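Participant: This is the structure I want to talk about, given as structure tokens.
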Amino acid sequence: MNLGKRFLHNRTAVATALFVLLIALAGVCAPVLAPNDPYATDILNKFADYSLQYPLGTDQLGRCVLSRLIYGIRPTLGLAMVTMFGTIGLGALLGITAGYFRGITEEVIMRLVDVMLSFPSQIMVFAVVALLGVSVQNVIIANVFIKWAWYARMIRTGVMQYRDCNFVRFSRCVGMPERFILFRHLLPSITSDLAVLASLDVGWAIINISTLSFLGLGVQAPTPEWGAMLNEAKEVLTSNPVQMIAPGAAIVTLVCCFNLMGDALRDVLDPKEVEG
Amino acid sequence: MKRYVVRRLLMAIPLLAAVSFICFMFINLIPSNPAEVALRVQQMPVITEEAVARMEEMLGLNKPFLVRYFDWLAGCLKGDFGISYVNPARTVAGELARCLPATLQLAAASFAIVAVLSVPIGFLCAVYKDGWFDRIMRGVIFISTAMPAYWVGLLLMWGMGVKLRILPTNGSGTWRHLILPAFTVSLSYISTYIRLIRNNMLENMKQDYVLYANVRGLPQRAILVRHILKNSMHTCIVAMGMSIPQLIAGTIVVENVFSWPGLGTLCISSIFNRDYPVIQTYVLLIGVLFVVFNLLFDILQTVSDPRLRREE
């Protein structure tokens, strides 16, 4: 397939996709890969230096930092992914409904989108978490709740752009059911835009979720989430600043990777952009 | 022109109403009874039915939903946002007024940093496109967009405060306390605007009026500054203006890192204390600011840009 070939020819796209897969795999295989138990405390051995047993040293409770990082992939990347799927799902559903059925449905949905977009996203996250209470599940709900409007608007624009195209008209003329037109014509047409936006937004979701955890509003302390780890590292900032390097660097690397992947995907999916 | 402004103003009214309605809904969506929460927050030892009823009476919770909404809205318009659950002696308006100056100070300082740094850097990046400066800045921008603000804050705190001991790491008071938090807040905005100005300028360089200026033999510097930069600044100023509420809201995380006594710190502690009226009013404030600034700069853009004016 032409698209697959273009993807394979784009070195950045391949490399970043592989890297993300590798990280995800490491998260899944955490029990095998982690050298130590991420929850096992060893108070006598706190702030240990780099060693063979503790490749990245230990934290203020004597827990293995590397093991915690590896286990931390699960909540960090996992929650971001769940958030993105939820957002795209909800956004696509409402966006397609609005763009395709028009009329009063569209009016209602789009005015709702306008209102949602008139709040800064960060404040809405805090408001929703405040309202529902502090828990992981609520963090996801909050993130989906504030982000769906962007996707709904984008997808609606996409649908409107294609709904009067000749191939859609033809499909309708020969009597294809509406469902077929929606899922076989309109949805694939906007998939490329969606993929680019989504991969850029995964980075955003990672930062957002880790920020909430850092403030103590997301994943709670003993769980090795990267933001929560930084929250713990903050307490020992003056005595042991090294503690905050590993989780922070991990976040930056992963987010950078997703951002690069987004840019690369854009090049792959829309070759016109590159030449222009 | 006048018609456009009026239409835009009228369009803002339903939006403001919707924003206020959502903020009001917010407190009514709490899974538990607000009166009970208020009593619990005040550490009432035994919560009796009577006490709940009295609290409901005091907070006006026993009236129908829409009546309460309009009561609340009328109160808001008069500047009365209710009382804090945690400390009934304090009004929400008083709490916000106490914390607002610190946040505004921080936001203003960040805005100044953004404006002072991003315009010249964006300009230089566009002029020396693909040169060493541009390439370095592109790298810096790329990394900085991936850095969570709180981590940048921690790094700066450690580097400037603990290691070099040249700047205080928390609290407020003097301008020296302001530097680290302001810089942290501004970092992500700086990268956004550098990119915006750079791309705008590159876009403008391809325009016919630049070619014409070159044909007339104007010196390069004059073309760059007086024509290209000036035209590129249009959208940039509008974008910056629209981002002011975002900047005010964006201080929430950084304030907590640096224990800055502003709205963000108030908001987070209110979340932990379940002081819903404070959170509600904070969200309302930011939402209204957002709508108002969008409106203001949208109109400003139309007024200042002749191309947009003609289309109307």
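The values are calculated or read from the model by the stated rules, or taken from the named source; none is laboratory data. Only a predicted model underlies this, so the values are computations on that prediction, with no experimental measurement involved. Don't worry about glycine lacking a Cβ; one is built from the backbone with ideal geometry, like all the others, and counts go over all protein chains shown. Note: areas computed on protein heavy atoms with side chains; ligands, DNA, RNA excluded. Shrake-Rupley method; radii C 1.70, N 1.55, O 1.52, S 1.80 Å.
Participant: Would you mind stating whether B:Leu296 is at pLDDT 85 or above and surrounded by fewer than 21 Cβ atoms within 10 Å (Cβ to Cβ)? Give the steps one after another, and end with the answer.
Facilitator: Details: at pLDDT 85 or above: yes; surrounded by fewer than 21 Cβ atoms within 10 Å (Cβ to Cβ): yes.
When the stated conditions are applied, B:Leu296 passes them.
Participant: Restrict the check to segment A:104-119 and report whether at least one residue is touching a residue at least 60 places away in the same chain (Cβ under 8 Å) and either of a type in the set (Val, Ile, Thr) or not in a helix (DSSP H, G or I) (or both). Give the derivation first.
Facilitator: Our first condition is that a residue be touching a residue at least 60 places away in the same chain (Cβ under 8 Å); within segment A:104-119, this holds for none.
The answer is no, given that none of the residues of segment A:104-119 is touching a residue at least 60 places away in the same chain (Cβ under 8 Å) and either of a type in the set (Val, Ile, Thr) or not in a helix (DSSP H, G or I) (or both).
Participant: Tell me whether segment A:79-98 contains one or more residues that are open to solvent by 10 Å² or more (accessible area, probe 1.4 Å) and more than 23 Å from the chain's Cα centre (by Cα).
Facilitator: yes
Participant: Then there is this: Have a look at B:Leu100, B:Leu106 and point out the one that is in contact with a Pro (Cβ under 9 Å, 6 or more places away or on another chain), in a helix (DSSP H, G or I) and under 22 Å from B:Ser243 (Cβ atoms). So that I can check it myself, show each step before the final result.
Facilitator: Numbers: B:Leu100 fails: in contact with a Pro (Cβ under 9 Å, 6 or more places away or on another chain).
Exactly one of B:Leu100, B:Leu106 is in contact with a Pro (Cβ under 9 Å, 6 or more places away or on another chain), in a helix (DSSP H, G or I) and under 22 Å from B:Ser243 (Cβ atoms), namely B:Leu106.
Participant: A further question follows. Going through segment A:116-129 one residue at a time, which ones are at the interface with chain B (Cβ under 7 Å from one of its Cβ atoms) and either within 17 Å of B:Thr251 (Cβ to Cβ) or open to solvent by 10 Å² or more (accessible area, probe 1.4 Å) (or both)?
Facilitator: Answer for segment A:116-129, where residues must be at the interface with chain B (Cβ under 7 Å from one of its Cβ atoms) and either within 17 Å of B:Thr251 (Cβ to Cβ) or open to solvent by 10 Å² or more (accessible area, probe 1.4 Å) (or both): A:Phe119, A:Pro120, A:Gln122, A:Ile123, A:Phe126, A:Ala127.
Participant: Filter segment B:125-150 for residues that are more than 14 Å from chain A (Cβ to nearest Cβ), open to solvent by 70 Å² or more (accessible area, probe 1.4 Å) and without any contact (Cβ under 8 Å) to a residue 60 or more places away in the chain and give the result.
Facilitator: The first filter runs over segment B:125-150 and keeps only residues more than 14 Å from chain A (Cβ to nearest Cβ), leaving B:125-137.
Subset that is open to solvent by 70 Å² or more (accessible area, probe 1.4 Å): B:128-130, B:132, B:135-136.
Listed by number, the residues that qualify are B:Tyr128, B:Asp130, B:Trp132, B:Arg135, B:Ile136.
Participant: As an exercise: evaluate A:Thr191 against (1) more than 9 Å from every other protein chain (Cβ to nearest Cβ); (2) touching a Gly at 6+ places or on another chain (Cβ under 9 Å) and give the number of the one condition it does not meet.
Facilitator: (2)
Participant: Another question, if that's okay. Out of (1) within 30 Å of A:Thr58 (Cα to Cα); (2) within 14 Å of chain B (Cβ to nearest Cβ), what's the single condition that is false for A:Asp201?
Facilitator: (1)
Participant: Still on this structure, I have one more. Quick one: would you say A:Tyr162 is under 21 Å from A:Thr191 (Cβ atoms), among the aromatic types (Phe, Trp, Tyr) and open to solvent by 10 Å² or more (accessible area, probe 1.4 Å)? First the steps, then the outcome.
Facilitator: Numbers: under 21 Å from A:Thr191 (Cβ atoms): yes; among the aromatic types (Phe, Trp, Tyr): yes; open to solvent by 10 Å² or more (accessible area, probe 1.4 Å): yes.
So A:Tyr162 passes the test.
Participant: Further, regarding this structure: So B:Phe70 passes all but one of these: (1) at pLDDT 75 or above; (2) open to solvent by 90 Å² or more (accessible area, probe 1.4 Å); (3) within 14 Å of chain A (Cβ to nearest Cβ). Which condition number does it fail?
Facilitator: Of everything listed in (1) at pLDDT 75 or above; (2) open to solvent by 90 Å² or more (accessible area, probe 1.4 Å); (3) within 14 Å of chain A (Cβ to nearest Cβ), B:Phe70 misses just condition (3).
Participant: Could you say whether any residue in segment A:165-185 is touching a residue at least 24 places away in the same chain (Cβ under 8 Å), open to solvent by less than 10 Å² (accessible area, probe 1.4 Å), part of a helix (DSSP H, G or I) and more than 13 Å from chain B (Cβ to nearest Cβ)?
Facilitator: no
Participant: Same structure again: Looking at B:Val86 and the list (1) part of a helix (DSSP H, G or I); (2) surrounded by 15 or more Cβ atoms within 10 Å (Cβ to Cβ), which single condition is not satisfied?
Facilitator: Against the list (1) part of a helix (DSSP H, G or I); (2) surrounded by 15 or more Cβ atoms within 10 Å (Cβ to Cβ), B:Val86 comes up short only on (1).
Participant: Checking A:Ser210 against (1) within 17 Å of A:Leu69 (Cα to Cα); (2) of a type in the set (Ser, Thr, Tyr); (3) surrounded by fewer than 20 Cβ atoms within 10 Å (Cβ to Cβ); (4) within 9 Å of chain B (Cβ to nearest Cβ), which single condition isn't satisfied?
Facilitator: The single condition A:Ser210 does not satisfy is (3).
Participant: Give me the helices (runs of 4 or more DSSP H) completely within segment B:151-249, filtered to those with at least 1 residues that are touching a residue at least 24 places away in the same chain (Cβ under 8 Å) and within 14 Å of another protein chain (Cβ to nearest Cβ), ordered by residue number. Please lay out each step first, then the result.
Facilitator: Numbers: elements: B:175-205, B:208-215, B:230-242.
Ranges flagged: B:175-205, B:230-242.
Participant: Could you please give the count of residues in segment A:130-157 that are of a type in the set (A, V, I, L, M) and in contact with a Ser or Thr (Cβ under 6 Å, 6 or more places away or on another chain)? Steps first, please.
Facilitator: As a first pass, look at segment A:130-157 and keep what is of a type in the set (A, V, I, L, M): A:130-132, A:134, A:136, A:139-142, A:144, A:146, A:149, A:152, A:154-155.
Next cut, in contact with a Ser or Thr (Cβ under 6 Å, 6 or more places away or on another chain) only: A:140, A:144, A:146.
Qualifying residue count for the region: 3.
Participant: Is it the case that B:Arg54 is open to solvent by 50 Å² or more (accessible area, probe 1.4 Å), within 14 Å of another protein chain (Cβ to nearest Cβ) and over 31 Å from the mean Cα position of the chain (by Cα)? First the steps, then the outcome.
Facilitator: Numbers: open to solvent by 50 Å² or more (accessible area, probe 1.4 Å): yes; within 14 Å of another protein chain (Cβ to nearest Cβ): no; over 31 Å from the mean Cα position of the chain (by Cα): yes.
Against the criterion (open to solvent by 50 Å² or more (accessible area, probe 1.4 Å), within 14 Å of another protein chain (Cβ to nearest Cβ) and over 31 Å from the mean Cα position of the chain (by Cα)), B:Arg54 does not qualify.
Listed here are the residues, each with its yes/no results for (1) among the aliphatic types (A, V, I, L, M); (2) assigned to a helix (DSSP H, G or I); (3) open to solvent by 20 Å² or more (accessible area, probe 1.4 Å).
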site: A:Gly218; (1), (2), (3): no, no, no
site: A:Pro224; (1), (2), (3): no, no, no
site: A:Asn231; (1), (2), (3): no, yes, yes
site: A:Ser239; (1), (2), (3): no, no, yes
site: A:Met244; (1), (2), (3): yes, yes, no
site: A:Ile251; (1), (2), (3): yes, yes, no
site: A:Val255; (1), (2), (3): yes, yes, no
site: A:Asp263; (1), (2), (3): no, yes, yes
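Participant: For segment A:20-37, which positions are more than 20 Å from A:Met81 (Cβ to Cβ) and either acidic (Asp, Glu) or touching a residue at least 24 places away in the same chain (Cβ under 8 Å) (or both)?
Facilitator: Selection gives A:Ala34, A:Pro35, A:Asn36, A:Asp37.
Participant: In segment A:104-115, what residues are more than 14 Å from chain B (Cβ to nearest Cβ) and open to solvent by less than 50 Å² (accessible area, probe 1.4 Å)? Walk me through it before giving the result.
Facilitator: Of all residues in segment A:104-115, those more than 14 Å from chain B (Cβ to nearest Cβ) come to A:104-106.
Matches in segment A:104-115: A:Glu106 only.
Participant: Tell me, yes or no, whether segment B:111-124 has at least one residue that is under 25 Å from B:Ile244 (Cβ atoms), open to solvent by 80 Å² or more (accessible area, probe 1.4 Å) and either small (Gly, Ala, Ser) or in a helix (DSSP H, G or I) (or both).
Facilitator: Checking segment B:111-124: at least one residue is under 25 Å from B:Ile244 (Cβ atoms), open to solvent by 80 Å² or more (accessible area, probe 1.4 Å) and either small (Gly, Ala, Ser) or in a helix (DSSP H, G or I) (or both).
Participant: I'd like the full set of residues that are open to solvent by less than 50 Å² (accessible area, probe 1.4 Å) and in a helix (DSSP H, G or I), limited to segment B:73-83.
Facilitator: Answer for segment B:73-83, where residues must be open to solvent by less than 50 Å² (accessible area, probe 1.4 Å) and in a helix (DSSP H, G or I): B:Leu73, B:Ala74, B:Gly75, B:Cys76.
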